[in-house]
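Bear in mind that the values in this text are calculations on the coordinates, not laboratory data. If you're wondering where the values come from, they're calculated on a predicted model, not measured in any experiment. Quick reminder, even Gly has a Cβ in these numbers, built from the backbone with ideal geometry, and neighbours come from all protein chains shown.
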Amino acid sequence: MASPEPRDDEAVTVVEILRVFSDASTRPCLVRTTHGRLHVLKLAGAGPGPRGLLIELLALRFAKLLGAPVPDAKPLLLPHGFPWMVGTDEFDEMIQRSFGWNLGVAFIPNTAPVAAEDLGPDDAASLLAIAEADCFLHNVDRPRSNPNLLRGAGGTLHAIDFDACLYFDRALADRLPASFALRRTHLLAGMMTASEGKALDPDLAVSWLAEAPSAWIDAAGREVPVIANALATYIRHWNALCTGGAQEAGDQREASVGESGG
């Protein structure tokens, strides 16, 4: 059974599109919501579609619990008939394909992309956490040529763009990886292994899936209980390879409550 849609009085709605990030192939855009907050909107009518939005929402939640410096994310409603504001005709067509639920990633102001050669010793702790998250998620989209990292105020690193992670497909296909090692082309290849990772609560995804719009679940091609069970099996497989941090798994359901912001 698909997740119920949020009630109208609970929905966080896009009220303004401020700019288009045209350098990105999926054309995300900066938006303002009814709550006055800024988000980078990943569009259902672009690239991976609604299925990719579900994969990225869950990936960001997992990454945060593994300690990676990632932004919050939640579904945002783009009203039907939303008017043209910025961008090209091509972008407007993409917006029209995206009416309904899209993924809002919290906007982090005053950041700039980070090149691999600009990373230094002070980044080691953040990179280790990102490497752990990418191992678990089987993230294949962090090459040296485009690390998908931002540098924020005070030198803080932020990891972004988790829509190319393979964990979801592998979990649903029951193809549990023999190894969680990062690919050789990954920026952080060899930095850590699953045996050094933290165990996770296998039931974590249940509450997150309850937030997912029904269109996203439909695009995944499975009912919610099937997805939840597949992800739980995947997590148990990860946990079996972890040598430390198992005692933390029981506390993670409480830690994940209230993850999403307005």
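Observations on the model:
- Estimated from helices alone, the mean residue ellipticity of the chain at 222 nm is -9500 deg cm²/dmol (sum of -39500 (n - 2.57) over DSSP H runs with n ≥ 4, per residue).
- Per-residue ³J(HN,Hα) for the range 82-89, Karplus 6.51 cos²θ - 1.76 cosθ + 1.60, θ = phi - 60°, Hz, x for Gly and Pro: 4, x, 5, 10, 9, x, 8, 4
- q = 0.15, 0.26 Å⁻¹: log10 I(q)/I(0) that the Debye formula gives for the range 45-135, counting C-alpha atoms only: -0.76, -1.31
- Charges were assigned to the Cβ only: +1 to each Lys and Arg, -1 to each Asp and Glu. The resulting dipole of the chain about its Cα centre is roughly 360 debye.
- Amide proton proximity set for Gly100, modelled H, under 5 Å, gap of 5+: Leu78, His80
- Here's the list of lysines a cross-link from Lys198 could span, going by alpha-carbon distance under 27 Å and ignoring same-chain residues fewer than 8 apart: Lys64, Lys74.
- Environment charge of Pro48, counting only residues whose C-beta is closer than 15 Å and scoring Lys/Arg +1, Asp/Glu -1: -2
- Burial order of peptide ranges 133-142, 229-238 (average beta-carbon count within 10 Å, highest first): 133-142, 229-238
- Cα long-axis angle, helix 224-241 against the chain (0 to 90 degrees, to the nearest 10): 30 degrees
- Angle between the chain longest axis and helix 124-137 axis [Cα atoms, degrees, rounded to 10]: 80 degrees
- Selection among Cys29, Phe180, Leu76 by position relative to the dipole of the chain gives Phe180 as farthest towards the positive end (Cβ unit charges, Cα centre).
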